[in-house]
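Colleague: Quick one: the structure is below, and I'll ask about it shortly.
The values are calculated or read from the model by the stated rules, or taken from the named source; none is laboratory data. None of these values were measured; they are calculated from a predicted model. Cβ atoms come from the backbone with ideal geometry, glycine included; neighbour counts cover every protein chain shown. What goes into the accessible areas is simple: the full protein's heavy atoms, side chains included, and nothing from ligands, DNA or RNA. Shrake-Rupley method; radii C 1.70, N 1.55, O 1.52, S 1.80 Å.
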Amino acid sequence: QVQEEVSQDLEKFGNRLLTEIQPLAWECALNPPVFRQYDAWGQRLDRISTCSAWNRMKEIAAEEGLIAEAYERRYSNWSRVHQAIKLYLFSSFSGGFNCPLAMTDGAAKVIESLGIPGSLKNVFDHLTSRDPRKFWTSGQWMTERKGGSDVANGTETLARKQPDGTYHLYGFKWFTSAADSDVTLTLARIADAQGRVKQGSGGLSLFFLKVRDEDGKLNNIKVQRLKDKLGTRQMATAELWLDGTKATLISAEGRGVACISNMLNITRIHNVIGAVASMRRMISLSREYALRRVAFGKLLKDHPLHMQTIARMEVQTRGAFLLLMEIVRLLGLAETNMASEQDQLLLRLLIPVAKLYTGKQASAVVVEAMECFGGQGYMEDTGLPVIVRDTLVLPIWEGTTNILSLDVLRSLAKSRGQVMAVFISTVQRKLEVASGSEKLEAAVKLVREAASLVQTAASSGVAAMEIAARDLSYSLARIYAGALLIEHAAQPGSSPADVSAAQRWCHQELCPVGAELRRGSYDAEAALLDGCLVYEGSPGARG
């Protein structure tokens with residue numbers, strides 16, 4: 001019954017994407033935000049103007065319940081899956097509006113995790129509204145000049161408590177996506193009566209603020225400039241001065257990082273959605289083009305090498321898609337108190353693994369797919385360069401590959417082997433589904449061998465070695481996606497293409513951390529040689 005109802009909703013939404021939303025996305029690309037700092041008389045305006053299509057995207061997001069769906073829980077634990085599929089369809093047609101939706105979802109999640117206190121009930125209702133007149137979007141103002149991911153040492157913004165219990169914020173936010181949002185969450189250090197603050201992550205607290213007051217004036221915020229970005233140009237990203245900005249403390253004092261982690265988990269999942277969506281969109285266009293384009297006397301689809309190229313991208317995309325769906329399935333269970341302890345441990349591990357791996361996958365796939373169009377792929381009026389540029393930010397947003405690899409190490413270390421044990425047992429359980437399949441036998445064997453290798457590598461101390469973090473994370477991603485592809489291919493009614501995708505995925509190097517460990521790539525001498533390779537011959541690098 002749930003599947004039938006959701007399918008009907010997706011059919012309607014798909015039609016709306018093609019007839020109404022896709023033209024709006026193109027308009028957003030052609031009309032990026034404009035910043036006007038002063039009026040004709042030299043008075044400060046700090047006005048960021050967005051096009052009508054961008055504003056219409058906000059209305060559509062509310063009407064379609066792209067945030068509301070996850071919090072209404074009409075379909076219990078399946079509500080997150082429903083929302084994720086709609087966002088997946090929307091992403092490549094959103095004109096960049098998927099980014100403010102990610103932060104809005106994250107802000108709603110933070111407020112929900114706090115128990116929706118009375119002071120934030122109205123805010124939560126606005127963030128999760130289906131009424132375009134009431135719907136708010138949220139920003140996420142984390143990055144300052146000294147650091148992006150290193151918020152513990154890079155955050156300088158001060159919060160001074162006022163007699164009425166609110167706070168005034170003072171500082172400079174270096175990178176604020178969707179600067180036209182209605183509200184935002186931000187980190188700051190609370191100053192005591194003598195102006196002293198506590199350094200490190202323990203000195204950071206989380207604040208909520210409205211960007212504008214009731215009269216539409218900025219909340220003691222000055223816009224320094226809009227960022228000149230490679231991609232996501234449809235969205236206003238700005239440098240902001242906070243000069244007495246009125247804010248409300250919403251975390252316990254000094255617990256800002258722990259509190260905002262709920263937001264980061266959601267925005268990282270949105271990052272995965274964007275990555276998988278961009279891969280699927282470019283492959284869909286590539287295979288359609290192959291049915292029409294004639295080269296060397298025949299259609300591109302009749303050239304085996306061209307079909308092999310697209311097929312390899314297809315395998316990557318299928319693996320990434322199943323990884324995404326597994327994460328949102330686990331999130332749905334967690335949000336409805338149906339997740340086991342093992343489910344929650346697995347979710348904690350898979351979010352950074354999937355985010356870092358799919359970001360890299362998407363960057364490679366969209367560039368490869370652009371090449372499928374030859375010179376036309378490089379032409380702006382095809383729209384393909386927009387997709388490529390907007391995809392290239394995905395390994396950077398919400399934590400770079402190396403930063404998230406270290407997060408994976410922390411997840412493994414904190415659990416003292418429990419997370420790895422759950423990972424291995426879950427992989428083995430998924431492989432059992434295919435135990436009687438002759439066609440999948442070789443793929444099952446390869447994943448089992450890789451799982452054994454990664455477990456051995458982790459127990460040998462690699463999980464505590466920063467230098468191995470990226471290879472270990474890649475290994476976890478490839479092994480788990482391989483298990484998901486095999487599980488999917490073993491289901492009744494699966495197609496030969498499903499079996500082929502599982503087989504092909506599993507013939508890549510599934511456990512690079514094991515291979516590099518055997519080569520001695522993580523010992524002290526190898527680490528020293530890394531530095532030599534990078535800086536040999538570089539002036540001033542010796543010593």
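Yes/no matrix, rows are residues, columns are (1) farther than 26 Å from T50 by Cα; (2) in contact (Cβ under 8 Å) with a residue 12 or more places away in the chain; (3) open to solvent by 50 Å² or more (accessible area, probe 1.4 Å):
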{"site": "R196", "(1), (2), (3)": "yes, no, yes"}
{"site": "L209", "(1), (2), (3)": "no, yes, no"}
{"site": "R212", "(1), (2), (3)": "no, yes, yes"}
{"site": "L218", "(1), (2), (3)": "no, yes, no"}
{"site": "K222", "(1), (2), (3)": "no, yes, yes"}
{"site": "G274", "(1), (2), (3)": "no, yes, no"}
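Colleague: Somewhere in the range 507-517, is a residue open to solvent by 60 Å² or more (accessible area, probe 1.4 Å) and more than 30 Å from A311 (Cα to Cα)?
Modeller: Checked against the condition, which is being open to solvent by 60 Å² or more (accessible area, probe 1.4 Å) and more than 30 Å from A311 (Cα to Cα), the range 507-517 yields at least one hit.
Colleague: Among the residues of the range 165-181 satisfying the criterion of being closer than 20 Å to I111 by Cα and touching a Lys or Arg at 6+ places or on another chain (Cβ under 7 Å), which is least open to solvent (accessible area, probe 1.4 Å)?
Modeller: The extreme case among them is Y167.
Colleague: Filtering the range 453-485 down to residues that are open to solvent by 60 Å² or more (accessible area, probe 1.4 Å) and of a type in the set (V, I, T), which residue is nearest to S437 (Cα to Cα)?
Modeller: T456
Colleague: Let me ask something additional. Here are some conditions: (1) of a type in the set (S, T, N, Q); (2) under 22 Å from F208 (Cα atoms); (3) in contact with a Cys (Cβ under 9 Å, 6 or more places away or on another chain). S94 meets all but one. Which one does it not meet?
Modeller: (2)
Colleague: Moving on to the next point. I'd like to know if the range 295-304 contains one or more residues that are surrounded by fewer than 19 Cβ atoms within 10 Å (Cβ to Cβ), touching a Cys at 6+ places or on another chain (Cβ under 9 Å) and more than 14 Å from A497 (Cα to Cα).
Modeller: No, the conditions are met nowhere in the range 295-304.
Colleague: Still on this structure: Select from the range 429-441 the residues that are in a helix (DSSP H, G or I) and open to solvent by less than 60 Å² (accessible area, probe 1.4 Å) and write down the one among them that is farthest from I351 (Cα to Cα).
Modeller: The qualifying residue farthest from I351 (Cα to Cα) is L431.
Colleague: Right, next: Are any residues in the range 1-30 small (G, A, S) and open to solvent by 30 Å² or more (accessible area, probe 1.4 Å), and if so, which ones?
Modeller: Correct list: S7, A29.
Colleague: Take the conditions open to solvent by less than 40 Å² (accessible area, probe 1.4 Å) and within 18 Å of the chain's Cα centre (by Cα) and apply them to L240. Does it pass?
Modeller: Spelling it out, it is not the case that L240 is open to solvent by less than 40 Å² (accessible area, probe 1.4 Å) and within 18 Å of the chain's Cα centre (by Cα).
Colleague: Taking into account only those residues within the range 134-158 that are open to solvent by 40 Å² or more (accessible area, probe 1.4 Å) and among the charged types (D, E, K, R), which is nearest to the chain's Cα centre (by Cα)?
Modeller: The qualifying residue nearest to the chain's Cα centre (by Cα) is D150.
Residue by residue, here is whether (1) in contact with a Lys or Arg (Cβ under 8 Å, 6 or more places away or on another chain); (2) free of Cβ contacts under 8 Å to residues at least 40 places away in the same chain holds:
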site: S79; (1), (2): yes, no
site: F90; (1), (2): no, no
site: G95; (1), (2): no, no
site: A102; (1), (2): no, no
site: A107; (1), (2): no, no
site: G115; (1), (2): no, yes
site: L120; (1), (2): no, no
site: Q140; (1), (2): no, no
